[in-house]
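The structure under discussion appears below in the form of structure tokens.
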Amino acid sequence: MDGHGHIHSASDRRELQMARSMCWHCQSEVSGEYFCDRCVKVQPVSKELDYFTCFGFPRRLSIDPQQLEAKFYELSRAFHPDFYQNKSDAEQTISLGNSAMLNTAYRTLRDPIQRAEYLLDLEAGAVKDIRTTPPADLFEEILELQETLDEFRASDRTSSEAAALRTRLQSERATLEQRQRDMGTQIQQLFGQWDALQDRGEATEQACAERSRILKAMRDILSNRTYVKNIVNDLVATIA
Amino acid sequence: MSRIVGIDLGTTNSLVAYMDQGTPRVIAGRHERAMVPSVVALTDNGLIVGDPAKEHLTRNPERTVYSVKRFMGKGLADVQHELAYFPYTLTEKGGVIRIKLGEKTYSPPQISAMILKELKLRAEAFLGESITKAVITVPAYFNDSQRQATKDAGMIAGLEVLRIINEPTAASLAYGLQQRTQGTIAVYDLGGGTFDISILKLKNGIFEVLATNGDTHLGGDDFDQLIADIFLADIRQQHGLDLTAYPDHMQGIRLEAERAKVRLSEALATTATLDLPEGKGRFIRELTREQLESLCHALVERTLGPCRLALKDAGLTPSDIDEVVLVGGSTRMPLVRQRVQALFGKQPHCELNPDEVVALGAAVQADILSGGTTDMLLLDVTPLSLGIETMGGVMSSLIRRNTTIPASAKEMFTTYVDGQTGVDIHILQGERELAKDNRSLARFRLKVPPLPAGVPRIEVTFLIDANGILNVKATDMRTGQSQSIDVKPSYGLSDQEVERMIEDSFKFASDDVSARKLIEARLDASALIVTTEKSLADGGHLISAEGIAAVRTALTALASAKDGTEPPAIRARMADLEQAAKGLTVAMLDDSLKRSLQGKKVSEIT
């Protein structure tokens, strides 16, 4: 498949994985999606199978929620333990494992942030290194905010000083929330760039560099996003 | 596949339902009553369940167990503050509450099993076949221990519990099937002892629960208690009498409070009456709906918090909800309806009988499991976050609340010391930061081969199955060997204990059935004797002397049959008496009709 000058596309990968598996029950080769062609027994979803492939989706970041839901319902009907009550213990165990995996996959893909984190994990390994220092462009602002927060915590809440601090914190909060929205927009843009790159399917050096750039930018934003989110949560809890 | 029934094992009442050619139906017992009071009494003739047991609440309060559902999956410390309200004696053994009845003690699952057996017998009598499989409902907000205890109860009753399903979702299945509902719905379920709110999305036969919340200690019982408390205070003030010293009267007051509450769902005012002990005469009190509502206001408000939380977790606002469904007897209260309507901004649905809808839904789920219904599928969630205790006594969450089940999470464990052979794992359920503030579910020790620190790699899989019950599995990643884990539940019966209880229940099962039939026949006979004698006293003058003599003869025959041990003989004499007293009954009816018409003008009658 590499001979076509393409990066592995998700569907190619799926064919590879599926073709390799064998029915646990009748030992014939399984080429269908999740059921043996010959004995129609449900097959365990491979641990190697990524969530995108499981849903039959390409590894893209823009996903139509309606389509995702429809596929989730379809697979739920195929796997749910409710429909395996009269089947063998082996099939019941597979149904339970597949359902649990399907539910995790759906939860991950449904949420854009989790989806992006998951894709990063797949494409570039370990993700969630949560930032412990403020992002560079917010450094000054956050240091100052922490000071104000400390002052506010130490203050007598009924004093006019506390009221002034609270007002300042409120405006800080508005700034950070705006920042969160900006990051949201940036993530959306990166989603678009990633999907476009994948759609082009080039394997040139330039494309490789572009790919690395997008993944890195995404990683930075996701980690900053978590950091800012924690700060905002802390702020909201303090002034509540 | 043999038939699977659906059972609503409620705090105050329980029901059994089955699927009759695509339509779920509840199974009624004698007198066409579908509800079996969840009451078990120890009498001189043995244990009795349901309506006859309910009569013992006031006669024999120390030996009559009600609201046992409140104790399922709990330790004594959990219910410490309400012990005073219960006339029977509670103790604890192995982290599980035990209820003392005569010389023996019973765990809550054993008491619940007696109720389940009653329902099982009822279903068997009605369907004419042996019933061994059931779907049993629990409050959505029940934790793992409470679910496990319910499953244990089923096993002790001789039922294979194929599925534990949540009450509000069961209700949604019944509504979905019968009303063909689509869209986003909120099910508000306020029962005798528990409150649940579930938000679901119904689409093309899929019932997807988006979020659930609740309070497993809030229900109609609590309203009754508030009313009973004001009666108690009044009696103390007016008669200088402290009724708490009279357990039988305490039960009488509780039941009268309940009846007054029920009447106030229709009427704007009602009168409660109670006979007092020590020749103090009668207590009579007027209660208005307004008074009831101001009394219960705070409790009803307490249900709204969980509603808002469930909406938030589902990422919805009240205006996103297309329909609101009311479930549970307590939703008959106008105040509850008003508050729910105000919160969601729409008129709630109550087309289906709120007492029966949960059992009907359980029957639908039973039909899905047996392969009868194939177009409907329920995707439920786990109500509480599941996690483990980590360093510093903090809870580390593994499966978040409102995660669709089945759900699984994997965690890798290793050692901190060379040659360490075990890792202790403490499983928790709840939403709080600290381990100690959450519910302890179980502890187990992971066996590790003695190796240098950090080398062992044991992967533990936590899997919540479709019943919402946790299963734990461990695999040594170096050898690929899986390890069996002996999980010790913090608030549950051990497997051995359940085994023993099942054996006990089988051993006594045949005795139980015949004893039960005899007890019931005797109770019915006594009731018939009492009513017939009253009729004779009130209306004897309306019939001939021969008629009276015939009734007397039949009465004597029944009285002597009642002392025998043959239920069919007792039933036969009862039929004789009913036949002999027919003339009397008819004469009395005619007479009362005549008198009610007397002194009225013809225009008033027609």
Query raised in the report: How many residues does the stretch B:441-495 hold that are outside any loop (DSSP other than H, G, I, E, B), within 28 Å of B:LYS93 (Cα to Cα) and within 14 Å of chain A (Cβ to nearest Cβ)?
Result: 6
Query raised in the report: Of everything in the stretch B:195-206 that's crowded, with 24+ Cβ neighbours inside 10 Å and not aliphatic (A, V, I, L, M), which residue is nearest to the other protein chains (Cβ to nearest Cβ)?
Result: B:SER198
Query raised in the report: Take the residues of the stretch A:42-56 that are in contact (Cβ under 8 Å) with a residue 40 or more places away in the chain and surrounded by fewer than 18 Cβ atoms within 10 Å (Cβ to Cβ): which is nearest to the other protein chains (Cβ to nearest Cβ)?
Result: A:PRO44
Report task. Could you tell me whether A:ILE63 is within 14 Å of another protein chain (Cβ to nearest Cβ), among the β-branched types (Val, Ile, Thr) and either closer than 30 Å to A:ILE239 by Cα or not in a helix (DSSP H, G or I) (or both)? Result -> no
Query raised in the report: Considering only residues of the stretch A:86-103 that are within 7 Å of another protein chain (Cβ to nearest Cβ) and surrounded by 18 or more Cβ atoms within 10 Å (Cβ to Cβ), which is nearest to B:THR404 (Cα to Cα)?
Result: A:ASN103
Query raised in the report: Tally time: how many residues in the stretch B:313-336 are under 24 Å from B:ASP8 (Cβ atoms) and touching a strand residue (DSSP E or B) at 6+ places or on another chain (Cβ under 7 Å)?
Result: 9
Query raised in the report: In the stretch A:120-136, is there at least one residue being more than 21 Å from A:ASP50 (Cα to Cα), surrounded by fewer than 16 Cβ atoms within 10 Å (Cβ to Cβ), outside the structural domain of A:ASP50 (by TED's automatic domain parsing) and among the acidic types (Asp, Glu)?
Result: yes
Query raised in the report: Right, B:LEU398: within 14 Å of chain A (Cβ to nearest Cβ) and touching a Gly at 6+ places or on another chain (Cβ under 7 Å) or not?
Result: yes
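May I ask you to verify whether B:GLY50 is of a type in the set (Gly, Ala, Ser) and over 16 Å from the mean Cα position of the chain (by Cα)? Break it down stepwise before answering.
On the way: of a type in the set (Gly, Ala, Ser): yes; over 16 Å from the mean Cα position of the chain (by Cα): no.
So B:GLY50 does not fit the description; no.
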Query raised in the report: Is there any pair linking a residue in the stretch B:428-446 that is under 20 Å from B:ILE464 (Cα atoms) and without any contact (Cβ under 8 Å) to a residue 12 or more places away in the chain to one that is assigned to a helix (DSSP H, G or I) and not polar (S, T, N, Q), with Cβ under 7 Å and at least six apart or on different chains, and which?
Result: none
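Quick check on this structure: which one of B:ILE570, B:ILE605 is at pLDDT below 90, crowded, with 18+ Cβ neighbours inside 10 Å, over 30 Å from B:ALA149 (Cβ atoms) and not assigned by TED's automatic domain parsing to the domain that holds B:ALA153?
Details: B:ILE605 fails: crowded, with 18+ Cβ neighbours inside 10 Å.
Checking each option against the conditions leaves just B:ILE570.
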Query raised in the report: Among the residues of the stretch A:66-85, how many are within 9 Å of chain B (Cβ to nearest Cβ) and not hydrophobic (A, V, I, L, M, F, W, C)?
Result: 8
Query raised in the report: In the stretch B:102-121, what residues are surrounded by fewer than 20 Cβ atoms within 10 Å (Cβ to Cβ), outside any loop (DSSP other than H, G, I, E, B) and not charged (D, E, K, R)?
Result: B:THR105, B:LEU121
Query raised in the report: Can you tell me which of A:GLU69, A:GLU117 is surrounded by 18 or more Cβ atoms within 10 Å (Cβ to Cβ), among the acidic types (Asp, Glu), farther than 28 Å from A:THR238 by Cα and touching a Lys or Arg at 6+ places or on another chain (Cβ under 9 Å)?
Result: A:GLU117
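The values are calculated or read from the model by the stated rules, or taken from the named source; none is laboratory data. Please read all numbers here as calculations on a predicted model, not as lab measurements. When we count neighbours, we look across all protein chains shown, and the Cβ atoms used for this are built from the backbone with ideal geometry, even at glycine.
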